[in-house]
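Reading through the structure tokens given below for one structure.
The values are calculated or read from the model by the stated rules, or taken from the named source; none is laboratory data. What you are looking at is a predicted structure, and each value in this text was computed from that prediction instead of being measured. Cβ placement follows ideal geometry from the backbone for every residue including glycine, while neighbour counts extend to all protein chains displayed.
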Ligand code: GLU
């Protein structure tokens, strides 16, 4: 579809799939089916600015696979969004939903806009126009959106409203990650981060170690990184370094995360926090820590940065933070990588709980959500870890093999129509 060479995230996603297909010994036809998105919608999103000028953005919704159920995946607002990135993220969602055994396929949406440069009313108009353009392919039984980078629960409220108004009645299950008064689930905001901490604990225990007292460095202090820092600290780990797009901090004795959160709320950045030394992002990636959590953009661990990593574990809070080359380098250096499709699946797990609650018109308690999330994350980690041990695979390959196999089995059992 795109004339330019495929971008890095899509190249990565295809090569991860090719690796799994090789292990599973699937034929070319099945490989091609798994590699090809089922449906891609490409829309123009015109915006009337507050000063009446018109600006045009490109929007996408890719449904990579729907063999196991409706498409599921976030909506991203970022200036670098293109169809290849959305394809890659949609494919990751397919494997992610299968690894944690949700009755979903994988999808993703994106608009090539830098949300920080637009007013709230402008973002509302962009969201509503985008929703209208992709309306025919979404819905509670077709494809369910959620927040991702650059979008939040307010964005989901606008999607819900636009979809519901056009259908003539309120349809809460069309999105997840919506505000709690509109049927959002308790625990959804922190779910991805909570899942990151669950799998980190499981990975440490697997290695005969424990989370209590482990040192953790977190790259990215957004929705995933900031909550992860808080939960790690509450669970007794030592958060020694964090960073955001403006800079980073290091305190080997451990940062006071609650104090840091107040600093970020006041200043908009981790930079300038008094109880730590300033460091840059590349130094953070190279710190000697037990656990490194990349929780920002994709591709931060590449052939250059991977050589410098001195963490024992990399737990991928972000989607696609490690390139294929970096994966090989980290494996050679004995660094255990807990892959994105397992490590950050807590978000979509609680999205599923939210959707299930909407379909039942019933609300679960916060405790129910947390214990069901913990069960799902621990049993998915156990599946992946057993497969890795039995078939001598990395955790990434084991997770991909489980996800790809479940999707292929659903596809084959349904049979090909006509
Ligand atoms: N955007 C999140 C992810 O990448 C959540 C997706 C969802 O909840 O549907 O996993």
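Of all residues in segment 175-185, which are on the phi < 0 side of the Ramachandran plot and out of contact with any strand residue (DSSP E or B) (no Cβ under 6 Å at 6 or more places or on another chain)? Those that are on the phi < 0 side of the Ramachandran plot and out of contact with any strand residue (DSSP E or B) (no Cβ under 6 Å at 6 or more places or on another chain): 178, 179, 180, 181, 182, 184, 185. Out of 305, 365, one residue alone is under 25 Å from residue 149 (Cα atoms) and more than 16 Å from the ligand (Cβ to nearest atom). It is 305. Of all residues in segment 167-188, those satisfying the criterion of being assigned to a loop (DSSP other than H, G, I, E, B) and touching a helix residue (DSSP H, G or I) at 6+ places or on another chain (Cβ under 7 Å) are 170, 171, 176, 177, 178, 179, 183, 184, 185, 186, 187, 188. Restricted to segment 331-362, and to residues there that are within 11 Å of the ligand (Cβ to nearest atom) and in a loop (DSSP other than H, G, I, E, B), the residue that is surrounded by the most Cβ atoms within 10 Å (Cβ to Cβ) is 345. State yes or no: is residue 373 surrounded by 21 or more Cβ atoms within 10 Å (Cβ to Cβ), part of a helix (DSSP H, G or I), within 13 Å of the ligand (Cβ to nearest atom) and at pLDDT 95 or above? For residue 373, the condition - surrounded by 21 or more Cβ atoms within 10 Å (Cβ to Cβ), part of a helix (DSSP H, G or I), within 13 Å of the ligand (Cβ to nearest atom) and at pLDDT 95 or above - is met. Of the set (1) surrounded by 19 or more Cβ atoms within 10 Å (Cβ to Cβ); (2) closer than 24 Å to residue 31 by Cβ, all apply to residue 101 but (1). Taking segment 1-108 and the strands (runs of 3 or more DSSP E) fully enclosed by it, the elements with 3 or more residues that are within 14 Å of the ligand (Cβ to nearest atom) are at 54-65, 71-77. Sub-8 Å Cβ pairs linking a first residue in segment 132-147 that is over 16 Å from residue 59 (Cα atoms) and touching a residue at least 40 places away in the same chain (Cβ under 8 Å) to a second residue that is within 10 Å of the ligand (Cβ to nearest atom) and assigned to a loop (DSSP other than H, G, I, E, B), at least 6 apart or interchain, are 144/104; 144/176, ordered by first then second residue. In the set 188, 210, 206, which member is buried (at least 24 other Cβ atoms within 10 Å of the Cβ) and out of contact with any strand residue (DSSP E or B) (no Cβ under 8 Å at 6 or more places or on another chain)? Just one listed residue meets the conditions, 188. Looking across segment 190-204, the residues that are farther than 11 Å from residue 317 by Cα, part of a helix (DSSP H, G or I) and within 16 Å of the ligand (Cβ to nearest atom) come down to 191, 198. When residue 293 is tested against the conditions (1) touching a strand residue (DSSP E or B) at 6+ places or on another chain (Cβ under 6 Å); (2) at pLDDT 95 or above; (3) not in a strand (DSSP E or B), the lone failure is (3).
Of note, residue 169 does not satisfy the criterion of being in contact with a strand residue (DSSP E or B) (Cβ under 9 Å, 6 or more places away or on another chain), without any contact (Cβ under 8 Å) to a residue 40 or more places away in the chain and over 30 Å from residue 291 (Cα atoms). Note on segment 117-144: among residues that are farther than 21 Å from residue 47 by Cα and crowded, with 20+ Cβ neighbours inside 10 Å, the one that is farthest from the ligand (Cβ to nearest atom) is 138. Tell me, please, whether a residue that is within 21 Å of residue 345 (Cα to Cα) and in a helix (DSSP H, G or I) can be found in segment 244-260. Scanning segment 244-260, I find no residue that is within 21 Å of residue 345 (Cα to Cα) and in a helix (DSSP H, G or I), so the answer is no.
Set side by side, the residues 308, 296, 326, 398 differ, and just one is in contact with a helix residue (DSSP H, G or I) (Cβ under 9 Å, 6 or more places away or on another chain), buried (at least 24 other Cβ atoms within 10 Å of the Cβ) and within 25 Å of residue 226 (Cβ to Cβ), which is 326. Contact annotation: residue pairs with Cβ atoms under 7 Å, 6 or more positions apart or on different chains, pairing a residue in segment 279-307 that is in contact (Cβ under 8 Å) with a residue 60 or more places away in the chain with a partner that is surrounded by fewer than 19 Cβ atoms within 10 Å (Cβ to Cβ) and in a helix (DSSP H, G or I), are 299/8. Of the residues making up segment 54-76, one or more are over 21 Å from the mean Cα position of the chain (by Cα), at pLDDT 95 or above and loosely packed, with under 13 Cβ neighbours inside 10 Å. Only one of the listed residues (293, 328, 314, 297) is more than 16 Å from the ligand (Cβ to nearest atom) and under 24 Å from residue 250 (Cα atoms). That residue is 314. Taking the conditions (1) within 16 Å of the ligand (Cβ to nearest atom); (2) within 19 Å of the chain's Cα centre (by Cα) in turn, residue 112 satisfies each one other than (1).
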